[in-house]
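A short worksheet on the structure shown next.
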Amino acid sequence: MATSTGVSARESKHASKPVVDLVAATVRFCGDSGDGMQLAGNQFTNTSALAGNDIATFPDFPAEIRAPRGTKAGVSGFQIHFAAKEIFTPGDQVDALVAMNPAALVTNLGDLVRGGILVVNKDAFDDKGLKQAGYEESPLEDRTLSAYQVFPVEITRLTRLAVEELGLGVKEADRCRNFYAMGLVFWLYDRSLEPTLRYIEAKFGKRPEVAEANRRALRAGYNYGETTEAFASQFRVHKAELAPGTYRNIMGNEATAYGLITASIRSKCELFLGSYPITPASDILHELSRHKNFNVRTFQAEDEIAAVTAAIGASFGGAMAVTTSSGPGIALKQEGIGLAVMTELPLLIINVQRGGPSTGLPTKTEQADLLQAVCGRNGECPVPVIAARSPADCFDVVQEAWRIATRYMTPVFVLSDGYIANGSEPWKIPDVKAMPPLEIKHPSPLTNGEEFHPYQRDERLARPWALPGTPGLMHRIGGLEKQDITGNVNYEPANHQHMVDLRARKVANIAQDIPPQVVSGPPRGKLLVLSWGGTYGACATAASEVQAQGGSVAHAHLRYLNPFPANLGEILHRYEKVLIPELNRGQLRLLVRGEFLVDAAGLNKVQGKPFSVFEVVDKINELLR
Amino acid sequence: MSTDTSLPVLTPNDFASDQDVRWCPGCGDYSILAQMKKILPSLGVPREKMVFVSGIGCSSRFPYYMNTYGIHSIHGRAPAVATGLKASRPDLTVWVITGDGDGLSIGGNHLMHAIRRNLDVNVVLFNNRIYGLTKGQYSPTSPLGKVTKSTPMGAIDNPLHPLSIAIGCEGTFVARSIDTNIKHLGMVLKRAAEHRGTSFIEVYQNCNVFNDGAFEYATDRETKADTTIELEHGKPLIFGKNRDKGIRLNGMNPEIVELGKGISEDDLLFHDEQAPEPSLAYLLSRMTYPEFPEPIGVFRAVDRPMYDELLNAQIAEAKKTRGEGDLNKLFRAGDTWVVE
Ligand code: SF4
């Protein structure tokens with residue numbers, strides 16, 4: 001997002017250079033995957049969050065684990081948008097770019113705003129580095145960078161100099177370069193070094209010489225900004241107006257894990273996670289396996305199929321059963337999910353979507369698994385689907401999913417994506433005491449010889465969740481078609497029709513048990529933007545920007561994708577046009593057209609990248625013309 | 001939940017569900033079902049604490065016929081379903097019923113990992129060397145050259161030995177029995193139930209419709225004494241109608257010898273089901289008819305920590321060292337800030 005300049009320059013109380021106040025700024029660190037750019041980004045994020053800014057982040061990982069050093073394939077980046085107002089996206093364009101080598105420069109320069117700040121590690125611009133990036137001549141020497149404020153800094157040499165006295169090897173000294181770069185950017189945005197110094201102590205405390213080297217590099221970078229002539233001014237982004245409370249920074253996968261633990265405690269149901277490592281979902285497995293003191297059982301299965309079927313076994317036993325994965329893994333789980341539909345057992349399936357098809361783009365984001373979630377199984381196999389809209393929203397969404405799963409005895413899909421999973425934002429820590437319990441009922445023992453009917457339904461059409469160990473409730477379930485009420489195997493034509501309809505009705509009824517869809521903007525009129533999942537930030541920001549310019553556009557963001565909220569059809573028909581922006585080829589659009597006969601337009605992008613706000617703004621304006 | 005400690009005495013009939021058994025008349029599955037019902041009352045476990053988990057195939061209909069809890073899951077996945085169940089409910093007695101196709105073909109991966117984890121479940125693999133439910137295709141245990149509907153010119157895949165697989169997967173209890181040898185089968189099932197850790201039992205099961213007589217050599221009254229050999233811990237390997245033949249080790253290889261003529265029992269291979277190294281059990285699992293009599297009984301029964309026990313011990317340990325989970329603490333573990 002372009003820098004919006006606020007107050008005029010004035011003297012800072014402790015620095016000798018003028019300070020320019022900004023409403024918001026976007027910074028990106030990029031370098032080789034071994035350069036520690038994710039760490040730099042995370043530290044800057046944390047520091048900005050602690051300074052009271054609203055933040056949104058976007059880490060961009062290389063596809064290969066160890067692409068050759070200095071190549072374009074190995075470039076890793078981390079973008080932070082921080083602001084003195086509420087923000088919803090990591091920013092379209094970058095105000096300040098730190099490029100640790102030529103490959104990082106060439107792959108990231110396109111996102112730097114004209115006139116933006118460009119800090120490069122001059123030492124990396126040697127013949128080899130330039131050649132790997134495809135530069136014939138050094139961009140520092142010709143006019144390539146004339147549109148930017150370029151600051152070539154000898155980061156390698158100056159870092160080595162800063163740690164010289166500690167007697168580290170060259171390799172170890174060079175590993176401190178990201179701290180030098182951090183220090184410089186911290187100075188540039190008038191940030192405190194304290195949180196990072198605390199981090200260094202916690203992380204490297206056991207290796208005092210490494211800790212000291214990182215500290216020195218950090219301070220050297222900071223002092224470089226302050227003392228050299230290179231930078232004329234500092235920038236400052238004030239606190240954002242956030243609702244009162246205690247905050248922390250949270251990433252999407254972390255929020256998912258916390259939400260699961262919370263749901264487990266609220267429902268007094270011990271958590272069982274069956275999972276198989278896959279990018280970008282593995283961090284949920286990692287996080288949950290660290291919290292065994294919450295009675296969390298994590299099972300790293302032999303494959304995706306075992307992960308889901310083990311979870312189904314645990315659900316039969318009465319656990320809060322969860323399986324986590326990404327697109328290709330979900331494809332493998334679908335037969336198992338069908339079993340959970342047939343046996344009507346509660347189960348959460350969390351899909352952290354990535355670019356597909358097949359192995360696709362493991363580290364890049366996409367929203368192309370919506371149809372897989374809604375329709376991806378054999379037979380008539382309805383599964384409720386809900387999607388998170390931001391990193392912190394994952395916390396609420398998984399709890400809502402568990403509420404639905406247990407009230408309706410059904411598996412529930414939760415859709416997240418790589419962008420949400422690895423992105424972060426400030427999260428207002430909820431009041432644990434104010435959280436209502438999630439009531440779950442299990443039938444009591446039958447001791448008088450009465451017959452137990454495992455497929456006898458309640459008013460919501462949910463069957464009883466009878467747990468092994470309960471006398472008198474012995475029953476057998478399975479994937480074969482069930483007879484209504486008794487649950488015995490049954491192949492009769494009329495029974496099958498009845499059961500298929502029943503399962504469909506049960507899921508459709510959930511629409512009566514979820515909040516009605518809300519719309520921001522005019523309640524009727526020219527255009528409605530309808531979005532779902534991780535595109536929330538870009539769509540909400542775009543709609544409000546156009547509204548601010550006087551455009552008649554409304555925005556509705558769907559959390560519930562199956563079933564849709566009961567009032568959605570009525571909302572859609574109140575607008576002349578409907579625009580559905582998606583990071584796929586129009587999957588929600590297909591469902592909405594099919595269900596509501598609305599001729600919705602699409603804005604579709606599949607580049608492994610989130611929407612920029614301006615892309616959505618342009619499309620809105622086009623449709624309003 | 002009932003905490004009645006004086007268990008009612010159960011009979012085999014108490015374990016019969018209200019469902020009609022639908023296997024083909026004469027199928028070996030009936031006998032296995034009958035032996036299972038016979039031994040269960042002796043375990044002292046209430047019915048509601050038992051769960052039968054199966055996959056897909058003729059054998060996998062088993063849970064429907066048991067008046068216990070049960071899951072008839074999907075093809076090959078029973079060991080995984082059982083893993084999730086047993087890991088989260090260690091108080092339950094869990095049986096897995098599978099077949100040669102279900103357990104060794106589509107579900108081979110799950111079987112392998114369940115065995116190596118040594119979860120406290122009992123796996124009974126009904127081996128009939130054919131796909132019965134899908135009406136007669138060759139299975140991973142069908143012999144080379146087997147002519148079936150899908151192999152009109154004979155099977156060309158080398159067959160698997162189920163017990164060699166189980167031993168290769170570090171199985172702690174590995175055994176074999178035969179559907180018609182009901183006393184022996186009951187004994188093996190009972191020992192499997194009593195073993196702590198994954199018990200793996202292969203049962204030779206006749207599919208009289210699609211592969212009749214596949215194990216006739218081992219079941220025929222006339223021949224079985226010469227074609228099978230009953231393993232007993234600490235005893236020499238003796239077989240034959242007149243118990244005059246034995247198995248001796250010649251270097252690394254077993255050989256058949258006749259007793260008498262200078263060869264005594266002491267020269268024979270003595271069975272040791274508790275041998276820490278699985279080499280002997282593996283060697284026995286490789287003895288196949290017609291070169292050798294095929295061993296039945298317990299090949300291996302050793303002690304090793306169980307997955308479910310270790311998993312739950314880690315939970316207890318985490319609670320001891322870090323205290324019962326506290327959400328407030330969890331949420332505030334890192335840096336926080338206050339907005340007034
Ligand atoms: S097909 Fe074979 S295995 Fe299946 S029930 Fe019939 S006889 Fe038994």
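The values are calculated or read from the model by the stated rules, or taken from the named source; none is laboratory data. This one's a predicted model, so the numbers in the text were calculated from it and none came from an experiment. As a convention, Cβ positions derive from the backbone with ideal geometry for all residues, glycine included, and neighbour counts pool all protein chains shown. Protein only, heavy atoms only, side chains kept; ligands, DNA and RNA dropped before computing areas. Shrake-Rupley method; radii C 1.70, N 1.55, O 1.52, S 1.80 Å.
Within 10 Å of the Cβ of each residue in B:303-311, the mean number of Cβ atoms contributed by other protein chains is 1. Looking at the protein assembly as shown alone, DSSP beta bridges between its own residues are antiparallel in about 35 percent of cases.
Between chain A and chain B, roughly 5600 Å² of accessible surface gets buried, counting both sides and using a 1.4 Å probe. For the peptide B:321-334, the mean number of other protein chain Cβ atoms found within 10 angstrom of a residue's Cβ is 5.
Please give me, ordered by residue number, the GluC sites (Glu not before Pro) of segment A:570-616 that lie in loop per DSSP and have at most 13 other Cβ atoms within 10 Å.
Of the GluC sites (Glu not before Pro), not one in the loops of segment A:570-616 has a Cβ with at most 13 other Cβ atoms within 10 Å.
Computed from backbone phi, the HN-Hα couplings of segment A:124-131 come to 7, 8, 8, 4, 5, x, 5, 5 Hz, rounded to whole numbers (Karplus: 6.51 cos²θ - 1.76 cosθ + 1.60, θ = phi - 60°; Gly and Pro given as x).
The angle separating the long axis of helix B:108-117 from the principal Cα axis of greatest extent in chain B is about 70 degrees. Mean per-residue shielding of peptide A:334-342 is 2, counting Cβ atoms of other chains within 10 Å of each Cβ.
For A:A321, the residues 5 or more places off, or on other chains, whose built amide H falls under 5 Å of its own are A:F272, A:L348. Of the peptides A:419-430, A:242-253, A:139-150, A:75-86, the order by per-residue mean of other Cβ atoms within 10 Å, starting with the highest, comes out as A:419-430, A:75-86, A:242-253, A:139-150.
How many percent of the accessible area of segment B:12-214 is carbon or sulfur, using a 1.4 Å probe? Using a 1.4 Å probe with all protein chains present, segment B:12-214 comes out at 55 percent carbon and sulfur.
Helix B:307-322 against the longest principal axis of chain B: what's the angle in degrees, Cα atoms only, rounded to the nearest 10? The answer is roughly 20 degrees.
Pairs with C-alpha atoms separated by more than 22 Å, drawn from the list A:K292/A:K333; B:K183/B:K241; A:K268/A:K433; B:K224/B:K245; A:K268/B:K329, are A:K292/A:K333. Averaged over residues, the count of other Cβ atoms within 10 Å places the peptides A:531-538, B:74-81, A:155-162 in the sequence B:74-81, A:531-538, A:155-162, highest first. Taking the average, over residues, of other Cβ atoms within 10 Å as the packing measure, peptides B:290-303, A:450-463 rank B:290-303, A:450-463 from highest down.
Do you know which residues of segment A:228-268 lose at least 50 square angstrom of accessible area in the protein assembly compared with their chain on its own, with a 1.4 angstrom probe? Listed by number, the residues meeting the 50 Å² cut-off are A:T246, A:Y247, A:R248.
Summarise the accessible area of segment A:192-233 (1.4 Å probe, protein heavy atoms) by the percent that is carbon and sulfur.
52
Note on segment A:132-185 and segment A:404-473: Cα centroid distance 54 Å, given to the nearest whole angstrom. Taking a Cβ cut-off of under 11 Å around B:N328, the surrounding Lys, Arg, Asp and Glu residues balance to a net charge of +1, with basic ones at +1 and acidic ones at -1. Karplus-derived 3J(HN,Hα) values for segment A:375-387, using 6.51 cos²θ - 1.76 cosθ + 1.60 with θ = phi - 60°, are 10, x, 10, 6, x, 7, 9, x, 9, x, 10, 10, 10 Hz; glycine and proline are entered as x.
Pull out a ≥ b ≥ c, the square roots of the eigenvalues of the alpha-carbon gyration tensor of the protein assembly as shown, then state rounded if a/c is under 1.5, prolate if not and a/b is larger than b/c, and oblate in the remaining case.
Values: a/c = 2.44, a/b = 1.74, b/c = 1.40.
Judged from the Cα gyration tensor, the protein assembly as shown comes out prolate (a/c at least 1.5, a/b above b/c).
Accessible surface for the protein assembly as shown, divided over its residues, is 40 Å² per residue with a 1.4 Å probe. For A:D60, the residues 5 or more places off, or on other chains, whose built amide H falls under 5 Å of its own are A:G77, A:F78, A:Q79.
Proximity of backbone amide H atoms, modeled 1.01 Å from N, is registered between B:T151 and B:Y138 at under 5 Å, excluding neighbours fewer than 5 places apart on the same chain.
Excluding same-chain neighbours fewer than eight residues apart, the lysines reachable from A:K609 by a Cα-Cα span under 22 Å are A:K72, A:K364, A:K619.
Just the protein heavy atoms count here, and of the accessible area of segment B:285-340 at 1.4 Å, carbon and sulfur take up 51 percent.
For segment B:106-150, a reduction of at least 30 Å² in accessible area between the chain on its own and the assembled protein chains (probe 1.4 Å) is found at B:N109, B:H110, B:R117.
Pairs over the 32 Å Cα-Cα cut-off, from the set A:K203/B:K320; B:K146/B:K190; A:K17/A:K239: B:K146/B:K190.
Could you work out the local net charge near B:C169, counting Lys and Arg as +1, Asp and Glu as -1, over the other residues with Cβ closer than 14 Å to its Cβ? After counting each charged neighbour, the total is +1.
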